[in-house]
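Asker: Supplied in structure tokens, the structure appears directly below.
Every number in this text was worked out from the coordinates using simple rules, so none of it is lab data. Because the structure is predicted, anything quoted here is derived from the model rather than measured. Cβ coordinates were reconstructed from backbone atoms using ideal geometry, including for glycine residues, and neighbour counts include every protein chain displayed.
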Amino acid sequence: MSMLLQSMEVFLKSVKHVFLIANPVMAMVAYEYISRAKNIDLKDVEVIYVRGLEYTLFDEVSTHLIKRTILNRAARRVTFLRTYPEAVRNLIEQLSDGFILYTSWLDAIASEVIKSSKCRAHCYIEEGQQSYKDVPVCAFKEDYKPPAETGSKKYKYDHYWRDDAKMWIGTVEGVFPAAPVERVSLLGELSYLKEKYKPYLKGGDVVMLLPTPGRLPKTEWARAIGQLYSHRGRRTFLKLHPAYYETRGALRKIEIILDSAEFSGVSLLPGNIILEAEMLFNRIKIVSDRSSVSRYAIRLGSEFVEVPFLYGEYYN
């Protein structure tokens, strides 16, 4: 264990450890970190799933799946209702009198939770390509305010990470390039993950990745899958971005597309399969446009085939 982790241990024992898990990379990094931090009691760990997916890695700790509701959406217009970030914060505040928040960056949810008087500290964990961006770390100020929501469905951010974070947790050199070097903890080999994870895929399998629905309109889903399918193999799977699992309607539309004769050779990969963990066991072929998975495929010896610009200018 690194000196950084050792120096945190006394502080870590007195509070709850709340992990916001939004994607598979966060799940595997969080699991490896929890497994290595021997002075974190598993009864003090709370895993919060915020993207509609749960991961079997966390079968020994307390987990919570918070789904978005119509009331969360209506909260933009009705002040006495809770937004989704507020609902997440409310749950966390009920779990403990004091907690450390672990998040990938200061998105809308983390920005809300970190405002809680019960939040004693926060740390960042690797989530994929974004964790390798050379984005300046934001100086914390007492009058800190979370990013403002715009008129669209997206949030506008002027920062990703705050400089008062206790730690930045990643896997290899190059992660969190703008973070203070002395506060970056590298996990290196994911030995605990490899011991725990049970692979689903076999060597030579082809996995097609569909990008987030926020960057690919519904009218283009079938065409995009068709482009990826041109690189099919003996066993071909479709892996969806976690955002597809936030609403049943999106997932059902994908299922209808795959039911067509055109894609009879494609199986939908279960959402809780972690490709980055699969590549610890087998060499697989991944087909997608730009994706953070390419970074892990190259590192772990799998093949990544890029199919660029699945939807022209919209995707830029």
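Asker: Hey, which of these cross-link pairs are over 22 Å Cα-Cα: 38/239; 115/166; 133/253; 16/38; 67/196?
Answerer: 38/239; 133/253; 67/196
Asker: Place the peptides 112-118, 197-203 in order of packing, highest mean first, counting for every residue the other Cβ atoms within 10 Å and averaging per peptide. All intermediate terms of the calculation are to be shown ahead of the outcome.
Answerer: Numbers: 112-118: 17.4, 197-203: 14.9.
The densest-packed peptide leads the list: 112-118, 197-203.
Asker: For the pair residue 191/residue 259, report the inter-label distance in nm, with labels modelled 7 Å from Cα in the Cβ direction.
Answerer: According to this spin-label approximation, the distance is 4.9 nm.
Asker: Could I ask something else about it? Using 0.36 nm per residue, how much length does the chain from residue 115 to residue 215 gain when fully extended, once their Cα-Cα distance is taken away?
Answerer: My answer for the length gained is 33.0 nm.
Asker: How high is the FRET efficiency from residue 283 to residue 164, r the C-beta distance, R0 35 Å, rounded to 0.05?
Answerer: Numbers: r = 42 Å, r/R0 = 1.19.
After rounding, the FRET efficiency stands at 0.25.
Asker: Starting from 0.36 nm per residue, how many nanometres of slack lie between residue 267 and residue 305 once their C-alpha separation is accounted for?
Answerer: Gain on stretching residue 267 to residue 305: 11.8 nm.
Asker: Within the range 215-316, list the chymotrypsin sites (Phe, Trp or Tyr not before Pro) lying in a DSSP loop whose Cβ has at most 16 other Cβ atoms in a 10 Å radius. Don't jump to the answer; show the numbers that get you there.
Answerer: On the way: sites: 221, 229, 237, 244, 245, 263, 281, 296, 304, 309, 311, 314, 315; in loops: 281, 309, 311.
Here the sparse-neighbourhood loop sites are 281, 309.
Asker: Measuring from label point to label point, each 7 Å out along Cα→Cβ, what is the residue 139 to residue 94 span in nm?
Answerer: Label at residue 139, label at residue 94, 4.0 nm between them.
Asker: Per residue of the range 46-56, in order, report the coupling 6.51 cos²θ - 1.76 cosθ + 1.60 (Karplus, θ = phi - 60°) as ³J(HN,Hα) in whole Hz, putting x for Gly and Pro.
Answerer: Running phi through 6.51 cos²θ - 1.76 cosθ + 1.60 with θ = phi - 60° gives 10, 9, 10, 8, 10, 10, x, 10, 10, 10, 5 Hz.
Asker: Then there is this: Would you grab the residues whose amide H sits under 5 Å from the one on residue 287? Only those 5+ places off in sequence or on another chain, please, with H modelled 1.01 Å from N.
Answerer: 207, 208, 209, 305
Asker: So how do 99-105, 82-88, 57-63, 188-194 stack up, highest first, on mean other-Cβ count within 10 Å?
Answerer: 99-105, 82-88, 57-63, 188-194
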